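Asks: Here it is, the structure in full.
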Amino acid sequence: MKRYAYYQSCINESMTKEVDRSIELWQHDLDIEMVKMHESACCGGSNLDYVSPKHFALVNGRNIAIAEKQGLDLVVSCNTCLMTIRSAKKKLDESADLRNEVNEILRKEGLEYRGTSQVRHLLWVLIDDVGLDVIRKKVKNPLSKMRIAPFYGCHILRPSTVLGKDNPLEPTSLDLLLNALGGKSIPYEHKNRCCGFHTLLVAEEESLNVAAEALQEAMEAKADCIVTPCPLCHTVLDGYQGKALKQNGLKGSIPVLHLSEVVGLALGYSERQLGVKRHIVTV
Amino acid sequence: MSDSTIQHHEERRDVTFRVHRFNPQVDSKPYFDDYTIKLERGITVLRAINYIKEHVDSTLTFRAFCQAGICGSCAMRINNMSKLACTTQVWDELEKAREPGVIKIEPLRNLPHIKDLVVEMDPLVGKMQKYSNWVDSKMPESNWGKKEFLVSEEEFLAYDKATDCILCASCVSECTILRAHKEYVSPAVLLKSYRMNVDSRDSMHDKRLADLVQDHGVWDCTHCYRCQETCVKNIPIMDAIHGIREDAIERRGTKDTSGARHAEAFMEDIEKKGKLVEATLPIRTNGLAWTMKNLLPMAVKMVIKRRTPPPPPLVKASKGIDALRKEFREMTSHVGKDHEKKSGE
């Protein structure tokens, strides 16, 4: 069983609890174990980096150091946490001065940032460590007949200098996984675009216009549902769906599922077990 | 070997350019024309469409000038991404083509369309003016021509990369928020404002910053990083946007914009709990009245579905919060010393 230090994203502990709940259900089926990092701190959600670049390096250097102490890679299931922690890692790896300054403080807690643990998304672990062939074999309830609009979200793709896994213009990882689960991923332009989450509280009208366009395109492409690897994208596309569509004079609705939920569905767990019923737009 | 790999290795082949056409004087709506021409490897998209204009269809309209990636005139959307036609290889685009052998060419987005591949640049120029994006000299006019204005290497490095911008508007075309609201300042304008604001010769920093924090300004950026990914000069545009935000919080505090209050909340919560207190984030960002008006209907739905974030007293602090707080404060004292050092210079 391969183990990982599992970073608990703030949103998954409050609004989108179903993400961690579903991972807990199926992790052992895929021979992986997500060891929760109870001591980690909020990554700063792509805001702390400009509010205070040094606190940003400290907090995330500490997050990674906690995983390093356990000798495990740090795994996240929120795109923005992924991008934020990886960009802190990049800054720490590139600057010995910053690393020394952070380590001087962390040392008092018995921690040290060394740069030995990788920071990875759950989606990448499923593809690179578990492997699509193994996943295909474990599928009990293939998502056949399901036309899925994959919605990657920005921070698993961009900036590519920090993420670098998928081609940010033509990503394929989520499509490959969805197809391995027996579903049919459909092409549509918005799959690598933005959900609008990060301006929801600052420029709501703009954010909802962004979300509405993505939802509209997925519905026009006759998708049965949208699947996203990011709980922030989910919050906009599911929670704000009604408001976004109304603001743009659009009708209809489309369910939005977390990556962790579709994996669970394909592995034979029920919607109720996975928490799908807790969504605002229910199937 | 797949078909696309075979195509890629060919030295000479037929290539189809599916070009967006629209002449407002005669067309009621835009359409696409396909032009298939025989090309050799090594040809740029600009040379290909120049060939089409000269030999196939002289009515095809586009802008181009330097042919060397310097003037920025020939930006257009090639296979769904804004870039310069003159620095884009046809063979590279064939690899990305969704339909084998077909390269799609469209005008830039987010700017008014004039004809075929030509867009109106005036809105961009207008925003450059609105945000005073030029250096207004700090030196009294009486000294002009008599004294030198020395810029240290360190000062120059702060805006070195930003000066690489050739105003091609590729980032403008791909901007998420500009697409959602045409009043938005746009990435190229923010980049230029940043470049002006860190220039030690300039005197308009405060006015420019005051304009940038207004509605449709720097706080409306949604961090999608499309601008940076699109930039034909590989300029880290988001660093400039974050630079303006950092400067705005430092000089103006959080009083005048919801964006700054929202960002600052992360800092407070991490120090206090080690995690974000989401339940009060809308109130801290926009006040109680806004939250009640805008979020109450949704809060009701969320309560029914049991997905409301827990109230602050129920947000359990991270394990080891005492150590984190201590470390956080220690870093705060480092930052304080950095500021003293900076202002002492």
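Asks: Using only C-alpha atoms and all pairs of different ones, pull out the Kirkwood radius for region A:110-204 in Å with one decimal.
Replies: 15.3
Asks: Using a 7 Å offset from Cα along Cα-Cβ at A:E189, what residues in region B:16-58 end up with backbone N under 17 Å from the label point?
Replies: B:18-22, B:29-33
Asks: Accessible area per residue of region B:189-251 at 1.4 Å probe, in Å²?
Replies: I get 32 Å² per residue for this part.
Asks: Show me the ranking of peptides B:210-223, A:5-18 by mean Cβ neighbours inside 10 Å, starting with the highest.
Replies: A:5-18, B:210-223
Asks: Accessible area per residue, 1.4 Å probe, Å², for chain A: what's the number?
Replies: 34
Asks: Give the ranking of B:D33, A:D238 by solvent-accessible surface, highest area first, calculated with a 1.4 Å probe.
Replies: Working: B:D33 45, A:D238 0 Å².
Of B:D33, A:D238, the descending order of accessible area is B:D33, A:D238.
Asks: For a Förster distance of 25 Å, can you work out the FRET efficiency between the beta-carbons of B:F32 and A:S253, rounded to the nearest 0.05? Could the numbers behind the result be given before it?
Replies: Values: r = 32 Å, r/R0 = 1.30.
For R0 = 25 Å, the calculated efficiency reads 0.15.
Asks: Could you tell me the accessible area of B:K83 in Å² (1.4 Å probe, neighbours in place), rounded to the nearest ten?
Replies: My reading of the accessible area for B:K83 is about 30 Å².
Asks: Between region B:56-95 and region B:249-326, what's the alpha-carbon centroid distance in Å?
Replies: Cα centroid of region B:56-95 versus Cα centroid of region B:249-326: 46 Å apart.
Asks: Sticking with this structure for a sec: Loop-only check: which trypsin sites (Lys or Arg not before Pro) in region A:143-235 are DSSP coil with at most 11 other Cβ within 10 angstrom? Don't skip to the answer; put the middle values down first.
Replies: Values: sites: A:K145, A:R147, A:K165, A:K184, A:K191, A:R193, A:K222; in loops: A:K145, A:K165, A:R193, A:K222.
Here the trypsin sites (Lys or Arg not before Pro) that fit, given the DSSP loop and packing criteria, are A:K145, A:K222.
Asks: Let's test the formula: R0 of 30 Å, r as the Cβ-Cβ distance of B:V335 and B:T280. What FRET efficiency results, to the nearest 0.05?
Replies: 0.75
Asks: Provide the per-residue ³J(HN,Hα) series for region B:291-306, in order, calculated from phi with Karplus coefficients 6.51, -1.76, 1.60 and θ = phi - 60°, each as a whole number of Hz, with x at glycine and proline positions.
Replies: With the stated coefficients, region B:291-306 comes to 4, 4, 5, 8, 10, 4, x, 6, 4, 4, 4, 5, 4, 4, 8, 6 Hz.
Asks: Using a 1.4 Å probe over the heavy atoms of the protein chains, calculate the carbon and sulfur portion of the accessible area of the protein assembly as shown as a whole percent.
Replies: Exposed carbon and sulfur together represent 51 percent of the surface.
Asks: Show me the trypsin sites (Lys or Arg not before Pro) within region A:69-134 that DSSP assigns to loop and that have at most 16 other Cβ atoms within 10 Å of their Cβ.
Replies: A:R114
Asks: Per residue of region A:89-95, what does 6.51 cos²θ - 1.76 cosθ + 1.60 with θ = phi - 60° give for ³J(HN,Hα)? Whole Hz please, x for Gly and Pro, Karplus curve as stated.
Replies: Running phi through 6.51 cos²θ - 1.76 cosθ + 1.60 with θ = phi - 60° gives 4, 4, 5, 5, 5, 8, 10 Hz.
Asks: Any chance you could tell me what percent of the C-alpha pair distances in region B:42-193 go past 23 Å?
Replies: 48
Asks: How big is the A/B interface in buried accessible area, both sides summed, 1.4 Å probe, to the nearest 100 Å²?
Replies: In total, chains A and B hide about 6100 Å² from solvent.
Asks: Ok, one more. Hey, what's region B:1-111 come to in accessible area per residue, 1.4 Å probe, Å²?
Replies: The answer is 52 Å² per residue.
Asks: Which translational diffusion coefficient, to the nearest whole µm²/s, is obtained for region A:1-104 from the Stokes-Einstein equation, given a Kirkwood hydrodynamic radius over C-alpha pairs, 20 °C and 1.002 mPa s?
Replies: It comes out at roughly 150 µm²/s.
Asks: Compute the relative contact order of region B:56-181 as a whole-number percentage, counting only Cα pairs closer than 8 Å that sit 6 or more residues apart in sequence.
Replies: 28
Asks: Taking the Cβ-Cβ separation of B:R306 and A:R3 as r and a Förster radius of 35 Å, what is the calculated FRET efficiency to the nearest 0.05?
Replies: FRET efficiency, B:R306 to A:R3: 0.70.
Asks: So what J values fall out for region B:49-56 if you push phi through Karplus, 6.51 cos²θ - 1.76 cosθ + 1.60 with θ = phi - 60°, rounded to Hz, Gly and Pro as x?
Replies: 6, 4, 4, 4, 5, 6, 10, 10
Asks: Compute the orientation-averaged projected area for chain A from the convex hull of its Cα atoms and round it to one decimal in nm².
Replies: Here the figure is 13.9 nm², rounded to one decimal.
Asks: Pairing rule first: another cysteine's C-beta must sit under 4.7 Å. Under that rule, which cysteines of chain B stay single?
Replies: B:C74, B:C86, B:C165, B:C168, B:C175, B:C221, B:C231
Asks: For B:D136, which sequence-distant residues (separation of 5 or more, or a different chain) have an amide H within less than 5 Å of its own amide H, given hydrogens modelled in the peptide plane?
Replies: B:S203, B:M204
Asks: Heavy atoms of the protein only, probe of 1.4 Å, neighbouring chains included. What is the accessible area of A:K36 in Å², nearest 10?
Replies: The value for A:K36 is about 70 Å².
Asks: Starting at 0 and stepping by 10 Å, how many percent of the alpha carbon pairs of the protein assembly as shown end up in each bin?
Replies: 3, 15, 25, 26, 19, 9, 2, 0, 0
Asks: Taking region B:254-320, which trypsin sites (Lys or Arg not before Pro) meet the DSSP loop condition and have no more than 11 other C-beta atoms within 10 Å? Provide the component values of the computation, followed by the final result.
Replies: Details: sites: B:K255, B:R261, B:K272, B:K273, B:K275, B:R284, B:K293, B:K301, B:K305, B:R306, B:R307, B:K316, B:K319; in loops: B:K255, B:K275, B:K305, B:R306, B:R307, B:K316, B:K319.
Answer by residue number: B:K255, B:R306.
Asks: Ordering B:S343, B:S82, B:S333 by accessible area with a probe of 1.4 Å, largest first, what comes out?
Replies: On the way: B:S343 95, B:S82 0, B:S333 55 Å².
Descending order: B:S343, B:S333, B:S82.
Asks: What is the percent of Cα-Cα separations in chain B that go past 24 Å?
Replies: Considering chain B, 67 percent of its Cα-Cα pairs are separated by more than 24 Å.
Asks: Restricted to Cα positions, what overall size does region B:186-264 have along the principal axes? Three whole-Å values, descending.
Replies: 36, 32, 18
Asks: Using 0.36 nm per residue of separation minus the Cα-Cα distance, give me the extension gain between A:K145 and A:T172 in nm, one decimal.
Replies: Difference between extended and current length: 7.7 nm.
The values are calculated or read from the model by the stated rules, or taken from the named source; none is laboratory data. This is a predicted model, so every value here is computed, not measured. Every residue, glycine as well, gets a Cβ built from its backbone with ideal geometry; the counts of neighbours run over all protein chains shown. In case anyone asks, the SASA skips ligands and DNA or RNA and just uses the protein heavy atoms, side chains included. Shrake-Rupley method; radii C 1.70, N 1.55, O 1.52, S 1.80 Å.
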